[in-house]
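Derivation of every value follows stated rules applied to the coordinates shown; laboratory data play no part. Bear in mind that the values here come from a model prediction, so they are computed numbers and not experimental data. We place every Cβ from the backbone using ideal geometry, glycine too, and count neighbours over all the protein chains shown.
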Amino acid sequence: MKTLILNGSPRVHGDTVSLIERLTQSLEGEYRIVDAYRCNIAPCIDCRYCWKNSGCAIKDEMQEIYSYIEDCDNVVIASPIYFSELTGKLLDLGSRLQTYYSSKFIRKEQTTMTPKKGAVILVGGGSGKLEKPYETACMLMHHMNCTNIHEVVCSFNTDKVPASQDKKALEEVDEIAGFFNGENK
């Protein structure tokens, strides 16, 4: 089993990362964490290369990520919520999924991508709203052929209680591991 984890947090030891670490402790198989703030991935520039070709004209770390996306079994999008949305760097990375959109809707190709399970982990310093970032994350996961998405996990009020001490969020992260590991459908 292969799991791709897209980390949208700028903080190396922040609340989002603490929940990712909790997930990886119980996750079976291999996993790859892509740190949106520390990887060499440029945003889509709307050059429309993918309107006629598979892949992307921009040659950077995303080329390796495309291969992993196409073969993995699970995808996690984990992000703090900034201005009621996923972080900007994570959206930059997500914009590069345009090639999959173009494949399906412009080039009218059938996907050969492995169907996947997906999960979303959201973290916020206040009481926040999760609808918009969750909707965005689900849209990105659909482009990666996630056909079964787990209920969203969120840890709010991390300005008062760190996510690493949020019992409900920790239990829900454990449920994601079980969902991916096939323990609960």
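Quick rundown of the values:
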read-out: Net length gained if the chain between GLU21 and ARG38 were fully extended (0.36 nm per residue, minus Cα distance); value: 4.4 nm
read-out: Centre separation in Å (Cα based) which lies between the range 110-185 and the range 43-104; value: 18
read-out: MRE, 222 nm, helices only [DSSP H, n ≥ 4, -39500 (n - 2.57), over the chain, to nearest 500]; value: -10000 deg cm²/dmol
read-out: Summed residue charge, Cβ within 9 Å of TYR37's Cβ, Lys/Arg positive, Asp/Glu negative; value: +2
read-out: The chain, relative contact order in percent, only Cα pairs under 8 angstrom and at least six apart counted; value: 27
read-out: Pairwise FRET efficiency - LYS160 versus ILE45, Cβ, R0 = 30 Å, nearest 0.05; value: 0.15
read-out: Correct choice for Rg and Dmax of the Cα atoms in Å that was computed from the model, options (i) 15.9, 59; (ii) 15.2, 46; (iii) 15.9, 50; value: (iii)
read-out: Share, in percent, of DSSP beta bridges within the chain that are antiparallel, nearest 5; value: 5
read-out: Entries of LYS59/LYS129; LYS2/LYS59; LYS116/LYS160; LYS89/LYS160; LYS52/LYS89 with Cα pairs more than 28 Å apart; value: LYS59/LYS129; LYS116/LYS160
